[in-house]
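**Student:** Here's a structure for you.
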Amino acid sequence: MTTMSPTAPPAGRAPTTRSRPGGAVTRRTPQAWLFLAPFALIYLAFMVGPMIWMFVASFFNTSTVHSGLGSFAGLDNYVEMFGRDDFWSSLWHTLQFTLYTVPPLVVLSFVLAVLTNRMSRGQWFFRLAFFLPFILPSATISLIWVFIFTPTSGLWSLPATLVGMDPGAGILSSPNTAMIGIAIATVWWTIGFNFVLYLAGLQEIP
């Protein structure tokens, strides 16, 4: 009769992980880098590379329709940019859009994920319902919300009346309310991605 060491694998099977004396599992770094390589290459080529090029080109009198960087401008481009009213207007609208969309995408998606996670049946329906808009193309989303925001006859006319807005004015036709309409459409379109991440975390993370 033979005895088997507690750390030895069963006969006929190779160990799937390698352990150090302290018990820590040795990570297979080369295999991990192979899996990360496609994303890393695309990220470097289409995100990091253009950002570096834009930063360098900002110090030159250059154009996208001409080759080369052109003559050196120093900080003149930045001085001109900070002195333009349309730059500050664009910066404010970007901040406004961020304030309108980020909190709902974080808080509302988490609340929906918690409520869905507590359901014992029918979770597949809510996963489909919330995530389906995220996979639709932007052109389809635009057509849907243009129909919803159509003055008087659109679906937005009822909630607009309830909050005291003129349903015949149109939410997208006024500079004061257009950003609100765009934010509502954006949250509806993209909330499914955060919802799925939260739900997966609630169900899979100990």
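**Student:** What nm value, rounded to one decimal, do you get for the distance between S138 and L34 when each label is placed 7 Å out toward the C-beta?
**Tutor:** 3.7 nm
**Student:** Additional query: Of F87, A73, V48, whose Cα points farthest to the positive end of the dipole of the chain (charges on the beta-carbon: +1 Lys, Arg; -1 Asp, Glu; origin at the Cα centre)?
**Tutor:** Selected residue: V48.
**Student:** Under 5 Å between amide H atoms, partner at least 5 residues away or on a different chain: which partners does T150 have, H built in plane at 1.01 Å?
**Tutor:** Correct list: L155, W156.
**Student:** OK, next. Rg/Rh for the chain: what does it come to with C-alpha atoms and Rh from Kirkwood? Write out the running numbers ahead of the final one.
**Tutor:** Working: Rg = 26.9 Å, Rh = 23.3 Å.
Rg/Rh for the chain comes to 1.15.
**Student:** For S109, S90, write out the residues from largest to smallest accessible area, computed with a 1.4 angstrom probe and no ligands counted.
**Tutor:** From most accessible down to least: S90, S109.
**Student:** Any idea what angle helix 85-117 forms with the longest principal axis of the chain, computed on alpha-carbon atoms, 0 to 90 degrees, nearest 10?
**Tutor:** 50 degrees
**Student:** Per residue, how large is the accessible surface of the chain? Use a 1.4 angstrom probe and give square angstrom.
**Tutor:** Ligands and nucleic acids excluded, the figure is 77 Å² per residue.
**Student:** Short version: ³J(HN,Hα) in whole Hz for each residue of the stretch 141-153, in order, from phi by Karplus 6.51 cos²θ - 1.76 cosθ + 1.60 (θ = phi - 60°), x for Gly and Pro, what are they?
**Tutor:** 4, 4, 5, 4, 7, 5, 5, 5, 8, 4, x, 6, 8
**Student:** If I histogram all Cα-Cα distances within the stretch 87-206 using bins 5 Å wide from 0, what percent of pairs lands in each bin?
**Tutor:** Histogramming the stretch 87-206 at 5 Å steps yields 2, 11, 17, 17, 18, 16, 10, 6, 3, 1, 0 percent.
**Student:** Can you compute the charge dipole magnitude of the chain about its Cα centre, using +1 on each Lys and Arg Cβ and -1 on each Asp and Glu Cβ, nothing else charged? Give it in debye, rounded to the nearest 20.
**Tutor:** 1380 debye
**Student:** In whole percent, and with a 1.4 Å probe on the protein chains, what portion of the accessible area of the chain is carbon and sulfur?
**Tutor:** Carbon plus sulfur share of accessible area: 71 percent.
**Student:** When Rg is the radius of gyration of the Cα atoms in the stretch 50-118 and Rh is its Kirkwood radius, what does Rg/Rh come to?
**Tutor:** Across the stretch 50-118, the Cα-based Rg/Rh ratio is 1.29.
**Student:** Do the sum for the chain: with -39,500 (n - 2.57) for every DSSP H run of n ≥ 4, divided by all residues, what is the mean residue ellipticity at 222 nm, to the nearest 500 deg cm²/dmol?
**Tutor:** Per the formula, -18500 deg cm²/dmol.
**Student:** Report, in degrees rounded to the nearest 10, the 0 to 90 angle that the Cα long axis of helix 29-43 makes with the longest principal axis of the chain.
**Tutor:** For 29-43 against the chain, the angle is about 10 degrees.
**Student:** Let me ask you something else. Just to check I understand the Karplus step: with θ = phi - 60° and J = 6.51 cos²θ - 1.76 cosθ + 1.60, what whole-Hz values come out for the stretch 62-69, glycine and proline as x?
**Tutor:** So the Karplus estimates, Gly and Pro as x, are 10, 8, 6, 9, 10, 7, x, 8 Hz.
The values are calculated or read from the model by the stated rules, or taken from the named source; none is laboratory data. None of these values were measured; they are calculated from a predicted model. Neighbour counts run over all protein chains shown; Cβ positions are idealised from the backbone, glycine included. Just the protein is used for accessible areas: all its heavy atoms, side chains included, with ligands, DNA and RNA removed. Shrake-Rupley method; radii C 1.70, N 1.55, O 1.52, S 1.80 Å.
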